[in-house]
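Participant: Before we start, here is the structure in question, set down as structure tokens.
The values are calculated or read from the model by the stated rules, or taken from the named source; none is laboratory data. All values derive from a computational prediction rather than experimental measurement. Note that each Cβ is placed from the backbone with ideal geometry, even for glycine, and that neighbours are counted across all protein chains shown.
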Amino acid sequence: MKLLPHPAAGRALKIVLITGVTLLVLLFGGLFAIRAGIERYRNSEAFRLWVGGKVATALRSDVQLDSLRWEGATAFADGFRARGYEDARLGGLEVDGARASLAGAKDGAWQITDAHVNRLKVAFSPERLPGNFPTASGDASQDGGSGPGAPAWLRRFLPDRFDLGPIETDAATLEVIGSEKATTFALRDVRTQFQRAAGGGWEIAGQGGQLFIPRQPDLAIDRFRVRWQDREVFLNEAEIKLPDEARVSATGVARLVEGTELDLDLSLANLDLKTLLNPAWQERVNGSLNADIKVTGLARDAEQLKQTGTVSVARGEVKNVPLLATVARYTKSKKFERLTLNEARADIERQGGRIQFTNLVIQSDGLARLEGDLTIDGGQLQGRFRLGVTPGTLQWIPGAERKVFTRTDKGFLWTDLTVTGTVDEPREDLSARLVTAAAESIVEQAPEKALDAVKDALKDPKATPESVIEEGKKALESLLPLLK
């Protein structure tokens, strides 16, 4: 027996189907309307003003945003300019040629998957707009994310913030400008990537470009990684290329306060000493400098920067130095005229025009070793050392071992040495002491030398009293130049 559906049940099922289809149509239609409304708003002038307001609030700055052009989900802008108020983290920001890809909205935020900037310039400068950022001025950014001009029905569907992905920049410039409007530190034309850091702030990685420090030649940047959070920049890694294969590695912190407070650890390798010396010494010293240096203080003022650490010289050589020429002449060893440095190291402290070397050690194997301290203050020298030479080196200097180099240690004969004068015209007290010692020694030996001359004369069968006296006078006269 065949059962037929009850007429009332059939009508109910039909109503349910029609209602369901209608709801689906309304749902998809509503979603389409919302999406179309969001896209229309996104492409509107109102959205551009809202974006400008959000950027202004984030930077606490006055912002001028150029018009936005859309190609599908990608926005293009010629750029924007920002000038900070007194409570802003930076003084100014300039962007030229920006592109951003918008991947819709999620969790109440516009999703920007990637962005690209042709040129970016950030300035930390005391020049600011007067007062604090006017947060209660009714600017566009305070409109709950809806933006001015958005339809009332659409406002509750609009995101009120941005979720930024990586930002790449072809040429980024960062400048720190002091109170006298002079640049105290700068990174220029660096290819850079910015990315939000966990816990806030930005992770910044860069390659290429130049590093500017006052009174120094521009340095080529290899790469760096920093974390920028609030007013602190944490330098996780930096490699800087110097002329002739020299390099500097750096880590540390820069606090973006007035004057920029630095706390950096620098490692220097293979720097030609000639780049640090004045012309008078460039022809006297060769070698490569290696150093581990801590830099602390304010970047805006060289007098406030303090540098401490250790330095050493590889492949060192010293020549054309008056003291070495004197030693070479007395010892009759030309090795002293062109002294090879097998070891050269010291602890260093520098602030302003004052440089202090402590625990200084310089050694030329088989010849000499120098140990002590040296201070250079405004070009003036003050050094106290002990100088050691190998036994036998002084055999041609009368009295040197008995009167000057009188102590034995580490296989060397030692004496004290004082250095004064200036960097261009150094003075030392060793030469005078060697001459005095030689003269005293010769005077002490003079009677014996005169007597030996007389004895030699007496051996001559033709000798007469007059000839003996004459030979004795000649022996004494030959010593007089040494006594002058």
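Participant: Return the total of residues in region 175-223 being of a type in the set (A, V, I, L, M, F, W, C), free of Cβ contacts under 8 Å to residues at least 24 places away in the same chain and under 16 Å from residue 251 (Cα atoms).
Facilitator: Residues in region 175-223 being of a type in the set (A, V, I, L, M, F, W, C), free of Cβ contacts under 8 Å to residues at least 24 places away in the same chain and under 16 Å from residue 251 (Cα atoms): 1 in total.
Participant: Given 316, 297, 287, 259, which one is out of contact with any helix residue (DSSP H, G or I) (no Cβ under 6 Å at 6 or more places or on another chain) and at pLDDT 85 or above?
Facilitator: 316
Participant: Just the residues that are in contact (Cβ under 8 Å) with a residue 40 or more places away in the chain and assigned to a helix (DSSP H, G or I), please, taken from region 56-76.
Facilitator: 56, 57
Participant: Failed condition for residue 396, given (1) assigned to a strand (DSSP E or B); (2) loosely packed, with under 15 Cβ neighbours inside 10 Å; (3) not small (Gly, Ala, Ser), with all others met?
Facilitator: Of everything listed in (1) assigned to a strand (DSSP E or B); (2) loosely packed, with under 15 Cβ neighbours inside 10 Å; (3) not small (Gly, Ala, Ser), residue 396 misses just condition (1).
Participant: If you go through region 137-158 one residue at a time, do you hit one that is modelled with pLDDT of 80 or more and either over 24 Å from the mean Cα position of the chain (by Cα) or loosely packed, with under 14 Cβ neighbours inside 10 Å (or both)?
Facilitator: Checked against the condition, which is being modelled with pLDDT of 80 or more and either over 24 Å from the mean Cα position of the chain (by Cα) or loosely packed, with under 14 Cβ neighbours inside 10 Å (or both), region 137-158 yields no hits at all.
Participant: Among the residues of region 358-392, which ones are of a type in the set (Asp, Glu) and either in a loop (DSSP other than H, G, I, E, B) or surrounded by 14 or more Cβ atoms within 10 Å (Cβ to Cβ) (or both)? Break it down stepwise before answering.
Facilitator: Restricting attention to region 358-392, the residues satisfying the condition of being of a type in the set (Asp, Glu) are 365, 371, 373, 377.
Residues satisfying the conditions are 365, 371, 373.
Participant: Right, here's the next one. All but one of (1) assigned to a strand (DSSP E or B); (2) touching a residue at least 40 places away in the same chain (Cβ under 8 Å) hold for residue 355; state the number of the condition that does not hold.
Facilitator: Here residue 355 meets the rest and fails (2).
Participant: Considering only region 364-374, how many residues are without any contact (Cβ under 8 Å) to a residue 40 or more places away in the chain and within 21 Å of residue 423 (Cα to Cα)?
Facilitator: So the answer is 2.
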